[in-house]
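Since the structure comes first, as structure tokens, the remarks are kept for the end.
The numbers here are math on the coordinates, done by the rules we state, and not lab data. Keep in mind it's a predicted model, so treat the numbers as computed, not measured. Please note: Cβ atoms are built from the backbone with ideal geometry, for glycine as well, and neighbour counts cover all protein chains shown.
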Amino acid sequence: MKIFVTGASGFIGRAVVPELLNHGHEVLALARSDASASSLTKAGASTIRGDLQDLNALKEGAKASNGVIHLAFMPAFSSAEAFQSATAADRAAITAMAEAMEGTNNPLVICSGTLGYPQGQVSNEDTEPNIQPGFDRDLSLALTYSLSKEKNIRGMLMRLAPVVHGSTDDKGFVPMMAQAAKKNGFAAYPGDGSARWTAVHVDDAAVAFRLAVEKGKAATTYLPIAEGGVSVKEIATAIAKKAGVPAESRPAEELQPLIGFLAMVMNFDTPVNSEKTQKELGWTPKGPALLDDVEANYQLG
């Protein structure tokens, strides 16, 4: 199959591209810059120049391919307005690609996260997310399900962990927490630190995306989650040890000036059970567990 990949030069995309190529697929990647195009070409992909607001490029890529993995998302965390602008652009991109794929039954795999699930309960693939005002990325899920039926495509959602780890150029929550720890002199966590985050190694996530385009079902949510719940205290403690600082609890109201955006997400308690995904896709995560990966492979000092 030829797979069109957006976000192919990002952290997850750089694992997805070789995973697809190593299993006999061709990759057509959206490239925003000369540097991205060059690195993707060297990796074995062909490219189309454009970005998420270039709907013609998105349609061209989707029409020329046998399936789409949509990983790209505009920078969104500077303000609520920026996030809403990014989610609106995401929905426009999904619609454009679905229109180009109409009638093919080809897969269109989008992504979101598990932090949108209800708090304090173990969720699964069938759990309805909580769509909070200003944080409306999950509107893309309803849109994709609708387009799947209307356009006769196989629209799917991969709901990613807040911690997709792997030390090579990881710019996610682990290095963000480490940077805050070095700045403050300690790794902070809220209250008793019992809130649980899901986790998966980036290489395992890439395998799940490949399996989704190969065998995933229309209008289905998958959870490529290796660890259903790791406490934020455990994560902060592992980061503290690696960074050479103590881990310390702080009341939630004191965290905002210390760790910024992390103050909100570290309170999210959203564990999951991914047995259905593993069974339906034949996916078995093999990478190191999060805490082991931080201890063995991350350079946080």
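Descriptive notes on the structure:
- With θ taken as phi - 60° and the Karplus curve 6.51 cos²θ - 1.76 cosθ + 1.60 applied, the whole-hertz 3J(HN,Hα) list for region 191-204 is x, 8, x, 8, 4, 10, 10, 8, 8, 7, 6, 4, 5, 5 Hz, x standing for glycine and proline.
- The Cβ shell under 13 Å around P175 holds other residues with a net charge of +1, Lys and Arg each +1, Asp and Glu each -1.
- Which of T237, G185, S167, positive extreme of dipole for region 132-255 (C-beta unit charges): S167
- 26 Å Cα-Cα reach of K242 towards lysines, excluding residues that sit fewer than 8 places from it in its own chain: K171, K182, K183, K233, K286
- Across region 178-281, C-alpha contacts under 8 Å between residues 6 or more apart give a mean separation that, scaled by the residue count, equals a relative contact order of 46 percent.
- DSSP bridge pairs, the chain: antiparallel proportion in percent, nearest 5: 10
- Inter-label distance, I131 to Q179: 3.1 nm, where each label sits 7 Å from its Cα along the C-beta direction.
- Lysines whose Cα lies under 19 Å from that of K63, excluding same-chain neighbours fewer than 8 positions away: K2, K149, K151
- Overall, the chain carries a charge dipole of about 500 debye about its Cα centre when +1 sits on the Cβ of Lys and Arg and -1 on the Cβ of Asp and Glu, all other atoms neutral.
- Label zone at E248, where the point sits 7 Å out along the Cα-to-Cβ direction: region 173-191 residues whose backbone N lies under 15 Å: 180-191
- Distance histogram for the chain (every C-alpha pair counted, 20 angstrom bins, percent rounded to whole numbers): 34, 58, 8
- Stretched out straight at 0.36 nm per residue, the stretch from A88 to K42 would grow longer than its current Cα-Cα span by 13.3 nm.
- Extension gain, E275-K149: 0.36 nm per intervening residue step, less the Cα-Cα distance, totals 42.8 nm.
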